[in-house]
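The structure appears below as structure tokens.
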Protein chains: 2
Amino acid sequence: MLRTHTCGELRIGDVGQEVTLSGWVQRVRNKGGLVWVDLRDRYGVTQLIFEEGSSDPALLEKAASLGREFVIQASGEVIERTSKNKKIPTGEIELKAAKLDVLNAAKVPPFVIEDETDGGEELRMKYRYLDLRRAVVREKLQLRHRMMQETRKFMDKLDFMEVETPVLIKSTPEGARDFLVPSRINQGEFYALPQSPQTFKQLLMVSGFDRYFQIVKCFRDEDLRADRQPEFTQIDCEMSFVDQEDILSTFEGLIKHLFANVKKVELPEVERMTFADAMKYYGNDKPDLRFDMKFVELNELSQNKGFKIFDDAELVAGICAPGAAAYTRKQIDAITEWVKRPQVGAKGLVYVKYNEDGSLKSSVDKFYSQEDLKSWAEAMNANPGDLLLILSGDTNATRKQLSELRLKMGSDLGLRDKNTFKPLWVLDFPLLEWDEESGRFHAMHHPFTSPKSEDFALLETDPGAVRANAYDLVINGVEIGGGSIRIHDRDTQKTMFKHLGFTDEDAQAQFGFLMEAFEYGAPPHGGIAFGFDRLCAIFGGSDSIRDYIAFPKNNSGRDVMIDSPSAISEDQLQELSIQLALKK
Amino acid sequence: MLRTHTCGELRIGDVGQEVTLSGWVQRVRNKGGLVWVDLRDRYGVTQLIFEEGSSDPALLEKAASLGREFVIQASGEVIERTSKNKKIPTGEIELKAAKLDVLNAAKVPPFVIEDETDGGEELRMKYRYLDLRRAVVREKLQLRHRMMQETRKFMDKLDFMEVETPVLIKSTPEGARDFLVPSRINQGEFYALPQSPQTFKQLLMVSGFDRYFQIVKCFRDEDLRADRQPEFTQIDCEMSFVDQEDILSTFEGLIKHLFANVKKVELPEVERMTFADAMKYYGNDKPDLRFDMKFVELNELSQNKGFKIFDDAELVAGICAPGAAAYTRKQIDAITEWVKRPQVGAKGLVYVKYNEDGSLKSSVDKFYSQEDLKSWAEAMNANPGDLLLILSGDTNATRKQLSELRLKMGSDLGLRDKNTFKPLWVLDFPLLEWDEESGRFHAMHHPFTSPKSEDFALLETDPGAVRANAYDLVINGVEIGGGSIRIHDRDTQKTMFKHLGFTDEDAQAQFGFLMEAFEYGAPPHGGIAFGFDRLCAIFGGSDSIRDYIAFPKNNSGRDVMIDSPSAISEDQLQELSIQLALKK
């Protein structure tokens, strides 16, 4: 037996017991004929003590020569510590070691295995197995484990069936780029890895499975950005005989369950907002509601007073930064520079300081009277001491810029606390969005999303105005899930494909099986999918999903630890009936 | 709201309630001014009744015209049935429908949606979503769901962490053929889909995760046999600081938990047998222990009596078929023919009937006296009424043939009851097996399996004789899981690769990351993986894993429902920097 207890288990009540522990050497101290070893495993740290005189000298020497991260096994008696460490649960005892075996030696690790490490990201990724040894990293994966178990518990209780859908499926050009897998047996043909199990879960509804879920890997061959991974995990769900309200309440339940059971946080009521309002008031379809600073449109109050920039603008809108009137000139200049950065792209910023004495001072005093400025302050519910920040220009661009500015001010003013959670349903998304590049409409959610019945006629006359039965769950400005009520009849699905620019032949070749399924008694159904990596990151209070993935890939899609992807042999290529055609 | 209750929910206590149900039309009966509709969903069947006079005539007509598999919604009052159906839980009530809506019409399905169907396998696979509508099929997936949830419950309770390992990994030539995924970003390089998460779970042990599990999709690009799927699911597990005994007892616990909680069956003690004994006594490394018929070797008692076939044989061995002495000549001839089929390959069969009167009658009476035959019967613990069946030849071939014969006789004699479960650990597998084709040793389990320390020296002198710390869990003649204590130091791993014919460079290129990891403090560790599809099949009493997979592929690796794999566009090929090189 390699251990009788873990390194996190022994307590004062165990004093006198003969035990065996195994683990990693965290630290060795050697002083005045005594050697202490901090022995670590996943469960905790226990101190071993080797004493000159009472321990065998060879044993003492062996202990003193242990290196960091050696894997050892030690046996002896649990004794009470003379100087107790109240910071750790095992801190009242130590193991007086009578036997010590080195199970495996260790080279000096390339970076320090402590919560604070000296290893850069690349080095830690190459030695990810050592990075994962750090408690702060392992705890992120433990959170993820907990989230998975609690999700399943909740879904199982509600009669959702977990069904594994296939990973080797069929390529479809709609959506992002597929990863492809050449078939050896079916020469010249390819499987694709799923971007989501969308069509399969809909077929399960046609099968009468009624309630389906799966925690499932999905794949997108996209150019990678900082927070994207080519493989990611979804909580994927679908329900039959439901309307939007049923879905919202079911999955509010899931999120509340997770917060209550994993984070011990009681989540507030989930607010609701239409997409149109989210854009109008927050310039963003995933507003961070931890703070207010709603947009106020000032066109009426600001135009036709001789300030050409506002007069020419489609939209003049501002936010009120509470208590920021005290900002110095330098601070305001910095904000002005910030909004002009290419990432934000505003041309300029107008500010109005609402001083504590009630006076108003702006960057456009030339054009506006104190009364004008006062009227803005009133429209924006500003109080003395607040700072108004105003942008103008094309509506969409201005909203986007003001949204960035709002988030920045929220951060600067300390209004985006990691331990406050403000969930929000964004509703009534547009069904379609215009894509300049391809010169056609794309499905905003996906081609299976149903239009609102009252907007259906608009599909022919004003497709961009059609609203969808689609919804996103947003927490703290992060979209953590989205879904829709689906189309469940062949005719509507055909119409939808037509509006997405599919020929009948293409629609049939790619999704014929689904449209045919709709003819054999498809129930009304809808669902949702949550980005599980992101959900874990939100729970862990982190911005990066990568921290919550055991073996992530870098921004070039490489696993630098195992050095993948990699070249394959000529034999393997031949077996797959393909050859390389490298571009310069 | 599309329904207030499911079709499996209403009881006599609900009489008088106004309810709304939704579901599929299972059957419509129309008689004497009454229309009954059996309405079905996942949860059950509820009878709707439409009555002439009391129902609106248009409603009655609408009900009468409903087709099978139409999706409808009906509202009305729950009433007590006059003639109750005690066979179904809702059989005491019916819904007196006042309102009926067709939510979706249905074409006539291509096969009957009942437990007994007229659809052939191919047709049912093409319309798998309709096949899954049949209760007998859906229940198999429900069993699978239950198995998953209970597995996780058990593992979580024992502090196993569920960790998702990557799907896009690196190709390694050891083992079966990999599915490959061309990388678009890293031109000319490929990912591989995992045959198992083996190296990743070992790295998690190096990380100190201590206890890992995952229910995970794995992939093998093999030529498909009847019961193989290119993608399959494993319960994958690994533990640190354990010896073989710890693993056996932990996973006996899992299997017993599953039997107790999913099947309500108390599993008997798991027997144990060495690989050598399994081969000697059952001719098979996965013996079916639901019945006895152990092999008895008869060389001593049968050779040198003038029967050349036995005299020339390396092995003469037999089984005793209880109560089969009454078999007719014709029946015995049929068995003789059966063992000569190419699938079995025996040259001939010797039988000895131990008649009820104590006399013995054999096919080799010319060569053996009654005393000789009696001595065989005694060696085989036969009783009057039993039939001895004896094969001879080369040891390995004879054992294999006799194993087939044993299983056949077990089936013929009704000794392989689906509701009896006999679990068995097979232990001490050989580390290596000789592969004639490649002229070298292969790892019997995989290259990471540790040799028994007492056999280590044999690696140089007699590699085939080295036993591994490897174990399989067998139930009723089916291997449902296997694992080993792993190598955890670089030197042993290097030696192992050498014996498997790897050059140092190859070993380094493919598994350098693992061998390097072993140098940074790798704990002793071991694990096991269960074939989850097969485990579900065993629980369901089925021989085919395909029944337990929602969307299986056929024997050519095709999904005939979605028609995959399929051709891809020239653009897609170009993006991936590959082109087709089709063979004739």
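Read-outs: derived from the displayed coordinates by stated rules, not from any lab. Predicted model only: the values in this text are computed from it and were never measured. Glycine gets a Cβ as well: all are built from the backbone with ideal geometry, and neighbour counts include every protein chain shown.
Values for this structure:
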| read-out | value |
| --- | --- |
| Estimated inter-spin distance, B:LYS340 and A:GLU479, nm [label 7 Å along Cα→Cβ] | 7.2 nm |
| Per-pair calculated FRET efficiency, R0 = 41 Å: B:SER542 and B:LYS305 via Cβ, rounded to 0.05 | 0.30 |
| Alpha-carbon centroids, region A:50-108 and region A:228-245: separation in whole Å | 50 Å |
| Computed FRET value (nearest 0.05) for A:ASP394 with A:GLN508, which takes r as the C-beta separation and R₀ as 41 Å | 0.50 |
| Pairwise label distance in nanometres, A:THR328 with B:GLU570, each label 7 Å out on the Cα-Cβ vector | 6.5 nm |
| Cβ-defined net charge surrounding A:GLU378, 15 Å radius [Lys, Arg +1; Asp, Glu -1] | -3 |
| Over 14 Å [Cα-Cα, region B:78-139], rounded percent | 69 percent |
| Neighbour-count ranking [beta-carbon atoms within 10 angstrom, fewest first] of B:ARG68, A:ARG3, A:ARG406 | B:ARG68, A:ARG3, A:ARG406 |
| Virtual spin-label span in nm between A:ASP462 and A:GLU52, 7 Å along Cα→Cβ | 9.1 nm |
| Total lysine pairs under 27 Å (Cα atoms) in region B:163-314, excluding pairs fewer than 8 apart on one chain | 19 |
| Exposure proxy order (Cβ contacts within 10 Å, fewest to most) of A:LYS286, B:LYS294 | B:LYS294, A:LYS286 |
| Protection proxy ranking of B:569-580, B:439-450 - average other beta-carbon atoms within 10 Å, highest first | B:439-450, B:569-580 |
| In order through region B:70-87: 3J(HN,Hα) via Karplus (6.51 cos²θ - 1.76 cosθ + 1.60), integer Hz, x for Gly, Pro | 4, 9, 10, 10, 9, 10, x, 9, 7, 10, 7, 6, 6, 10, 7, 10, 6, 6 |
| Likely footprinting exposure, B:ILE487, B:ILE12, fewest C-beta neighbours within 10 Å first | B:ILE12, B:ILE487 |
| Simple Cβ-charge dipole of the protein assembly as shown, Lys/Arg +1 and Asp/Glu -1, about Cα centre, in debye nearest 20 | 740 debye |
| B:ASN30/B:ASN381 FRET efficiency (R0 56 Å; Cβ-Cβ; nearest 0.05) | 0.25 |
| Highest average packing first - A:246-253, B:175-182, Cβ atoms within 10 Å | B:175-182, A:246-253 |
| Per-residue average of Cβ from other chains inside 10 Å of B:98-106 | 3 |
| Residue-wise HN-Hα coupling along region B:158-172, computed from phi with Karplus coefficients 6.51, -1.76, 1.60 (Hz; x: Gly, Pro) | 8, 6, 6, 9, 7, 10, 7, 9, x, 9, 8, 10, 10, 6, 9 |
| Local electrostatic count, B:LYS294, Cβ distance below 11 Å [Lys/Arg +1, Asp/Glu -1] | -1 |
| Computed over chain B: relative contact order in percent, which uses C-alpha pairs under 8 Å that are six or more apart | 12 percent |
| Rounded to the nearest 20 debye, dipole of region A:291-412 from Cβ charges on Lys, Arg, Asp, Glu | 440 debye |
| For region A:148-227 versus region A:500-561, the gap between their alpha-carbon centres in whole angstrom | 7 Å |
| Pseudo-label separations to other copies for B:PRO268 - Cα-to-Cβ vector, 7 Å, nm | 6.3 |
| For residues of A:200-211, the mean tally of beta carbons on other chains within 10 Å | 6 |
| Region A:314-458, Cα convex hull volume normalised per residue, Å³ | 182 Å³ |
| Rg(Cα)/(2.2 N^0.38 Å) for chain A, N = residue count | 1.22 |
| Anisotropy class of region B:481-584 from Cα gyration tensor, a/c 1.5 cut | oblate |
| Rounded to the nearest 20 debye, dipole of chain B from Cβ charges on Lys, Arg, Asp, Glu | 2040 debye |
| Cα-Cα P(r), region B:196-263, percent of pairs per 5 Å interval | 4, 14, 18, 19, 19, 15, 10, 2, 0 |
| Per-residue mean of C-beta atoms belonging to partner chains within 10 Å, peptide A:574-580 | 6 |
| Highest to lowest packing among B:87-98, B:212-223, scored as the average C-beta count within 10 Å | B:212-223, B:87-98 |
| Backbone N under 16 Å from the B:GLU454 label point (7 Å along Cα→Cβ), restricted to region B:238-278 | B:244-245, B:273-277 |
| Calculated SAXS-style log₁₀ I(q)/I(0) at q = 0.08 Å⁻¹ - the protein assembly as shown, Debye, Cα scatterers | -1.07 |
